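Engineer: First the structure, which I've put down as structure tokens, then a few questions once you've had a look.
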Amino acid sequence: MSHYDVIVIGLGGMGSAAAYRLARRGQRVLGIDRFAPVHNLGSSHGGSRITRQAYFEDPAYVPLLLRAHELWDGVERDSGRKVFTRCGGIMLGGPESRTVAGSLASARKWELPHELLDAAEIRRRFPTMNPDDHEIALYEENAGFVVPESSVAAHLQLAARAGAELHHQEEVLSWRETSTGVRVGTSRNFYTAGRLVICPGAWAPELLAELGIVFTVERQVQYWFAPSGGAEPFRAGRHPIYVWEGANGRQFYGFPSHDDAGSVKVAFFRGGRTCTPETIDRTVHSEEVDEISAFVRRKMPALPGTFLRGATCMYTNTPDEHFVISRHPAHERVVVACGFSGHGFKFVPVVGEILADLVVDGTTGHPIALFDPARFTGVPR
Ligand SMILES: Cc1cc2nc3c(=O)[nH]c(=O)nc-3n(C[C@H](O)[C@H](O)[C@H](O)COP(=O)(O)OP(=O)(O)OC[C@H]3O[C@@H](n4cnc5c(N)ncnc54)[C@H](O)[C@@H]3O)c2cc1C
């Protein structure tokens, strides 16, 4: 049986970053994933993920985002891969909407560079967008998007270069803590290690059932359109990333066009059907395309244009939609990162850094109190 300092279960967005940061800190790492590298069966695919800093979800995330932006630069430099495009971003809605008011609260609290735009200014700066007269937006130039597949590939590449052993298409069937470490059983073998990191994505309900957290796995659809009138007005540089909150609180979000095909991606934020990784319906239905086309057309008349393709993906939501990043409450040698609730990707490199801290130092200097699982279970760590 092979022995390691640390085993990382799950090599998607978070686990690939953890494997890299741990190997870089001199740990003998084994990473294991049930699928091939950079697969499209979990939560880290679809060509783009928004990153922003004026965080409407909670100002407590901002220091982590500032650090993530520094780390993305290093990941790009060290891997030689383009991961992050800084194209600017706007958060739109009514002045009282969570999207606008929450972003503004974060920007003010952390003194982040930002501008407030009224409807006329939004239309002038971004002619693709047609807000209602009462709508406003917070614009931040540091926002942009990361390519999840490039991030996973870069982190796996850097992890391997730093000495990590990476096993793909090998399913973890069991894990347990022993008196001296941890023991992991897979579809191929048994392994032991001093420490275990579990980054299971949508498989959290099965791999981390013992946490006692009610995770809801939610089916999401990403849509790509060819805008009527062509993609030029939607290109990065002219068109920002955005999250737009409608009168009923429903948010949709999207990206500039950044491929040769001139496609433009848009999606609803939340509101998907509950599923499991086994039961998810991976077909994108014409009624769904009609629904988002009608919704988006009211705000961005040229966008729906011609539907090109769709792809499904999964959110793994916690009850309060904040993450879980912590040492396992019941297992001293186990660290967990899960429940990213549809907004985790922008944090990938800093989550990797936090997980390496928790394994190597037993603690981290990053502010992660918000992510303590004890908030759900009442069980103190
Ligand atoms: C449609 C969509 C849009 C999103 N948009 C944004 C956005 O704009 N901005 C943003 O910040 N975030 C966004 N997110 C959220 C973000 O993508 C996720 O939070 C992030 O990808 C989660 O990464 P993960 O490592 O937890 O999961 P994954 O990347 O899915 O990794 C989990 C891995 O664990 C492996 N695994 C599970 N069980 C086992 C087992 N038993 N044995 C071995 N391996 C196992 C899986 O194969 C998988 O590779 C979006 C998510 C979706 C679905």
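The values are calculated or read from the model by the stated rules, or taken from the named source; none is laboratory data. These numbers were taken from a predicted model, which means no experiment stands behind them. Every residue, glycine as well, gets a Cβ built from its backbone with ideal geometry; the counts of neighbours run over all protein chains shown. Just the protein is used for accessible areas: all its heavy atoms, side chains included, with ligands, DNA and RNA removed. Shrake-Rupley method; radii C 1.70, N 1.55, O 1.52, S 1.80 Å.
Engineer: Please go through (1) closer than 30 Å to residue 298 by Cβ; (2) out of contact with any strand residue (DSSP E or B) (no Cβ under 6 Å at 6 or more places or on another chain); (3) assigned to a loop (DSSP other than H, G, I, E, B) for residue 128 and return the number of the only condition it doesn't satisfy.
Structural biologist: The one condition residue 128 does not meet is (2).
Engineer: If I filter the range 254-283 down to residues being surrounded by fewer than 20 Cβ atoms within 10 Å (Cβ to Cβ) and more than 20 Å from the chain's Cα centre (by Cα), which single residue comes out as farthest from residue 93 (Cα to Cα)?
Structural biologist: This residue is 278.
Engineer: Hey, can you tell me all the residues within the range 343-368 that are within 10 Å of the ligand (Cβ to nearest atom) and open to solvent by 30 Å² or more (accessible area, probe 1.4 Å)?
Structural biologist: The answer is none; no residue qualifies.
Engineer: Going through the range 80-116 one residue at a time, which ones are crowded, with 20+ Cβ neighbours inside 10 Å, of a type in the set (A, V, I, L, M) and assigned to a strand (DSSP E or B)?
Structural biologist: Once the filter is applied, which keeps residues that are crowded, with 20+ Cβ neighbours inside 10 Å, of a type in the set (A, V, I, L, M) and assigned to a strand (DSSP E or B), the range 80-116 yields 90, 91, 92.
Residue by residue, here is whether (1) out of contact with any Leu (no Cβ under 9 Å at 6 or more places or on another chain); (2) of a type in the set (Val, Ile, Thr) holds:
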| position | (1), (2) |
| --- | --- |
| 146 | yes, yes |
| 162 | no, no |
| 174 | yes, no |
| 200 | no, no |
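Engineer: For the range 239-253, enumerate the residues that are open to solvent by less than 10 Å² (accessible area, probe 1.4 Å), under 17 Å from residue 55 (Cα atoms) and of a type outside the set (A, V, I, L, M).
Structural biologist: 240, 242, 244, 252
Engineer: Sticking with this structure for a sec: With the checklist (1) away from the ligand (no atom under 13 Å from the Cβ); (2) open to solvent by less than 40 Å² (accessible area, probe 1.4 Å); (3) part of a helix (DSSP H, G or I); (4) under 16 Å from residue 144 (Cα atoms) in hand, flag the one item residue 72 doesn't pass.
Structural biologist: The failed condition is (1).
Engineer: Suppose we filter the range 22-42 for residues that are near the ligand (Cβ under 6 Å from one of its atoms), in contact with a helix residue (DSSP H, G or I) (Cβ under 9 Å, 6 or more places away or on another chain) and open to solvent by 40 Å² or more (accessible area, probe 1.4 Å); how many remain?
Structural biologist: Summing the residues that are near the ligand (Cβ under 6 Å from one of its atoms), in contact with a helix residue (DSSP H, G or I) (Cβ under 9 Å, 6 or more places away or on another chain) and open to solvent by 40 Å² or more (accessible area, probe 1.4 Å) in the range 22-42 gives 1.
Engineer: Sort out which residues of the range 284-337 are among the polar types (S, T, N, Q) and either more than 26 Å from residue 60 (Cβ to Cβ) or over 20 Å from the mean Cα position of the chain (by Cα) (or both), and write them in order of number.
Structural biologist: 286, 293, 306, 312
Engineer: I'd like to verify a number: residues in the range 43-69 that are within 10 Å of the ligand (Cβ to nearest atom) and among the hydrophobic types (A, V, I, L, M, F, W, C), how many?
Structural biologist: The qualifying residues number 3.
Engineer: Filter the range 84-114 down to residues that are closer than 22 Å to residue 63 by Cβ and among the acidic types (Asp, Glu), then give me how many there are.
Structural biologist: 1
Engineer: OK, next. From the residues in the range 1-21 that are modelled with pLDDT of 95 or more and more than 14 Å from the ligand (Cβ to nearest atom), which one is nearest to residue 353 (Cα to Cα)?
Structural biologist: Among those residues, the one meeting the criterion is 6.
Engineer: Residues of the range 289-332 being of a type in the set (A, V, I, L, M, F, W, C), in a loop (DSSP other than H, G, I, E, B) and away from the ligand (no atom under 14 Å from the Cβ), which ones?
Structural biologist: Once the filter is applied, which keeps residues that are of a type in the set (A, V, I, L, M, F, W, C), in a loop (DSSP other than H, G, I, E, B) and away from the ligand (no atom under 14 Å from the Cβ), the range 289-332 yields 300, 302, 303, 330.
Engineer: Can you tell me which residue in the range 369-380 is nearest to residue 182 (Cα to Cα), limited to those that are within 16 Å of the ligand (Cβ to nearest atom) and open to solvent by less than 30 Å² (accessible area, probe 1.4 Å)?
Structural biologist: 373
Engineer: Oh, and also: Taking strands (runs of 3 or more DSSP E) that do not extend beyond the range 135-213, which have at least 1 residues that are within 13 Å of the ligand (Cβ to nearest atom) and more than 20 Å from the chain's Cα centre (by Cα)?
Structural biologist: Because the criterion is at least 1 residues that are within 13 Å of the ligand (Cβ to nearest atom) and more than 20 Å from the chain's Cα centre (by Cα), the strands (runs of 3 or more DSSP E) in the range 135-213 that meet it are 165-167, 172-177, 182-186, 190-198.
Engineer: Just one of 332, 353, 321 is more than 23 Å from residue 65 (Cβ to Cβ) and of a type in the set (Asp, Glu); which is it?
Structural biologist: 332
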